[in-house]
Amino acid sequence: MIIKKEYTGIDIFKLFAAIGVLAIHANAPFLEILGRLGVPFFAITSAFFFFKHYLNLSRNRERQNQVVKFCKRIFLLYLTWQVMYLPLMFK
C-alpha cells in the first residue's frame, strides 16, 4: 500500500510565489520581493520532489527512465512557452 503525503504548506507558498512572479511582470512594486523569491522556490521544490521520487527507485533502469521523463516534460514546457512567445517577439 502506497501512502500519499500532501505538502499543503508548499502548495500555499507556491500560490503566493506565483502571484509574486506575476506581480514582477506586471510591475507591481509592493510584491516584488515575493516575486524575486518565487523563481528560486519553484526550482528548489521541483528538485525536492524529483529527488524524493528518484532516490526511492530501486533499479538503475527505472532511474534513467525517470530522468528522461523529467527532461521531456521540461522540454515540452519550454517548447510551449516558445511557441506562445514567438508571435509577441516579432510584434
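The values are calculated or read from the model by the stated rules, or taken from the named source; none is laboratory data. Here the structure is a predicted model, which means the values were calculated and not measured. No Cβ is skipped: glycine too gets one built from the backbone with ideal geometry, and neighbour counts run over all protein chains shown.
Structure values in brief
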{"read-out": "Count of residues meeting criterion [under 19 Å from residue 77 (Cβ atoms) and either under 16 Å from the mean Cα position of the chain (by Cα) or of a type in the set (A, V, I, L, M, F, W, C) (or both)] in the range 25-46", "value": "9"}
{"read-out": "Among the candidates 26, 43, residue that is over 17 Å from residue 7 (Cβ atoms), loosely packed, with under 15 Cβ neighbours inside 10 Å and at pLDDT 80 or above", "value": "26"}
{"read-out": "Inter-residue pairs, beta-carbon under 8 Å, first touching a residue at least 40 places away in the same chain (Cβ under 8 Å) and in the range 18-35, second surrounded by 12 or more Cβ atoms within 10 Å (Cβ to Cβ) and among the acidic types (Asp, Glu), 6+ apart", "value": "none"}
{"read-out": "Every pair of residues 6+ apart whose Cβ atoms lie under 7 Å, when the first sits in the range 66-91 and is not assigned by TED's automatic domain parsing to the domain that holds residue 50 while the second is part of a helix (DSSP H, G or I)", "value": "66/53; 66/54; 70/50"}
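Residue by residue, here is whether (1) in contact with a helix residue (DSSP H, G or I) (Cβ under 6 Å, 6 or more places away or on another chain); (2) surrounded by 10 or more Cβ atoms within 10 Å (Cβ to Cβ) holds:
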position: 6; (1), (2): no, no
position: 35; (1), (2): yes, yes
position: 52; (1), (2): no, yes
position: 59; (1), (2): no, no
position: 87; (1), (2): no, no
